[in-house]
1. For the pair LYS110 and ALA23, how long in nm is the line joining their label points, each one 7 Å along Cα→Cβ?
2. Hey, what do the phi angles of region 95-105 turn into as Karplus ³J(HN,Hα) couplings, whole Hz, using 6.51/-1.76/1.60 and θ = phi - 60°, x for Gly and Pro?
3. For every other residue with a beta carbon closer than 14 angstrom to the beta carbon of THR169, add +1 if it is Lys or Arg and -1 if Asp or Glu, then tell me the sum.
4. Could you tell me how many degrees, from 0 to 90 and to the nearest 10, lie between the Cα long axis of helix 15-29 and the main elongation axis, the longest principal axis, of the Cα atoms of the chain?
5. Taking all protein chains together and a probe of 1.4 Å, list HIS24, HIS247 from the most accessible to the least accessible.
6. Set the Förster distance to 22 Å, then compute FRET efficiency between VAL45 and GLU205 from the Cβ-Cβ distance, nearest 0.05.
7. So for region 326-432, taking the charge dipole from beta-carbon charges (+1 Lys/Arg, -1 Asp/Glu), which of ASN371, MET384, GLY411 sits furthest toward the positive end?
8. Place +1 on the Cβ of every Lys and Arg and -1 on the Cβ of every Asp and Glu in region 243-386, take the dipole about the Cα centre, and give the residue among THR311, GLN357, LEU322 whose Cα lies farthest towards its positive end.
Amino acid sequence: MDRFNKPDVSGALTLSALNEQVAHAVGRSFPNACWIQAETSDVRVQGAAGHCYLEFVEKDAHSGQIVAKARGAIWVRTFRQLKLYFEEETGQAFVSGLKVLVKVTVEFHKLYGYSLNVIDIEPSYTLGDLVRKRQEIIRYLQKEGIFELNRELPFPVLPQRIAVISSPTAAGYGDFEHQLMNNPAGYQFYLKLFPAAMQGEKAEESVIAALDRISRHTDCFDVVVLIRGGGSASDLNCFDSLLLATHCAQFPLPVITGIGHERDDSVVDMVAHTRLKTPTAVAAFLIGQMDGQAELVNDMQQRLCLLATKTLSDQQTYLKLLATRLPSLIMQRIEHCRTQLQALRSALPASRLLVMQHRTALTEIRQRLHNRWTEYVNRQNREMELAEQYLKMASPDYVLQQGYTLILKEGKILKCASELSAGDEVTIRFADGDRTAIIQ
């Protein structure tokens with residue numbers, strides 16, 4: 001910049017004049033409304049006036065970084081109509097993070113700057129994106145092998161210990177509890193409520209936290225029931241969450257849902273063990289499971305009674321038959337025993353003779369064993385005396401007493417003269433002591 005050539009202040013534009021020229025240029029370039037694709041961000045509704053203010057952003061498909069941003073507004077009259085229309089068509093609340101196709105007028109205000117004024121919206125565009133995301137979640141769960149995991153769990157025979165995840169103030173929970181605890185058959189159910197937010201931005205986190213609390217006490221429950229009552233379809237989008245669906249699919253207890261979807265199933269419904277429409281339907285299902293087992297017990301009771309009756313009748317017939325045949329059977333038995341006694345009596349003298357013969361044989365065997373044992377002991381004593389005499393004669397002390405001597409070098413007995421050299425000092429051992437000598 002040339003510091004010596006001062007600009008002509010009289011020709012400079014004011015900021016408002018510049019913004020007016022920009023506004024005219026924008027108006028000429030975009031005289032008509034146009035449709036744009038963008039993602040909603042920072043959606044907020046002004047409390048008193050009811051206007052909706054937001055930002056539209058565009059993100060890079062690969063990095064996720066924001067590459068474009070524009071401020072937007074939906075005036076109250078338009079917003080009321082568009083919001084109702086959008087949520088009825090998509091079942092989704094108009095919130096941040098949605099991909100939308102909106103019709104806008106481009107405006108540039110000299111005070112507020114550039115903004116987009118929304119005048120229309122195409123719900124099918126957003127619905128397509130929601131369906132795409134939902135299908136991506138389902139494909140991911142199937143690829144990971146957990147989509148069918150909870151449904152593969154065996155359902156308990158008597159589902160009486162129930163962990164309930166619901167809002168404690170929800171009408172659906174009250175209906176569920178009343179129907180279950182006042183069932184006509186009088187079945188006993190144990191209910192434990194794990195409170196959680198069942199709609200809104202915190203619903204996902206709240207339900208997962210409740211599942212985590214239940215997972216610490218799985219031995220105390222048979223099933224988990226996830227219920228809510230009433231509400232619009234847009235309130236239920238938290239149940240299309242990947243994280244929540246993953247927790248439900250991998251939960252170690254069967255999960256039963258009754259979260260109010262009438263039109264279609266949420267992803268959580270799809271991965272749950274059993275999907276029912278409403279809390280009262282869940283209660284009816286659990287009561288029905290108990291009814292089924294009660295019918296089985298009644299059927300077994302009837303069959304047992306019939307079997308017992310038949311068995312008693314058969315035994316009575318058998319006893320009657322025995323009663324008619326018993327006298328003759330007793331007489332036959334008596335005659336048989338009498339015949340055996342007579343045979344034993346006639347064989348008794350021969351048995352006595354046989355006993356005497358065996359006794360004599362045993363006496364002879366005992367005498368022979370005694371004689372042989374005495375011979376063996378004497379022989380062993382003689383052998384021990386000879387061994388003792390041999391050991392005594394082989395003793396060095398015995399040899400020394402016979403007039404012999406032992407020559408030792410460094411404590412070792414010498415056997416050959418070649419082991420000695422001149423000057424070696426040796427010990428000569430006699431019977432009465434040792435003497436030292438030097439070899440010449």
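1. Those two pseudo-labels are separated by 0.6 nm.
2. Taking θ as phi minus 60°, the curve returns 9, 5, x, 9, 8, 10, 10, 10, 9, 9, 9 Hz for region 95-105.
3. Details: positive: ARG228; negative: ASP175, GLU177.
Cβ neighbours under 14 Å give a net charge of -1.
4. Roughly 80 degrees between the two axes.
5. Numbers: HIS24 115, HIS247 60 Å².
The most accessible residue leads, giving HIS24, HIS247.
6. On the way: r = 23 Å, r/R0 = 1.05.
The formula returns an efficiency of 0.45 here.
7. ASN371
8. Towards the positive end, the residue furthest out is GLN357.
The values are calculated or read from the model by the stated rules, or taken from the named source; none is laboratory data. Every value quoted in this text rests on a predicted model; they were computed, and no experiment measured them. Quick reminder, even Gly has a Cβ in these numbers, built from the backbone with ideal geometry, and neighbours come from all protein chains shown. In case anyone asks, the SASA skips ligands and DNA or RNA and just uses the protein heavy atoms, side chains included. Shrake-Rupley method; radii C 1.70, N 1.55, O 1.52, S 1.80 Å.
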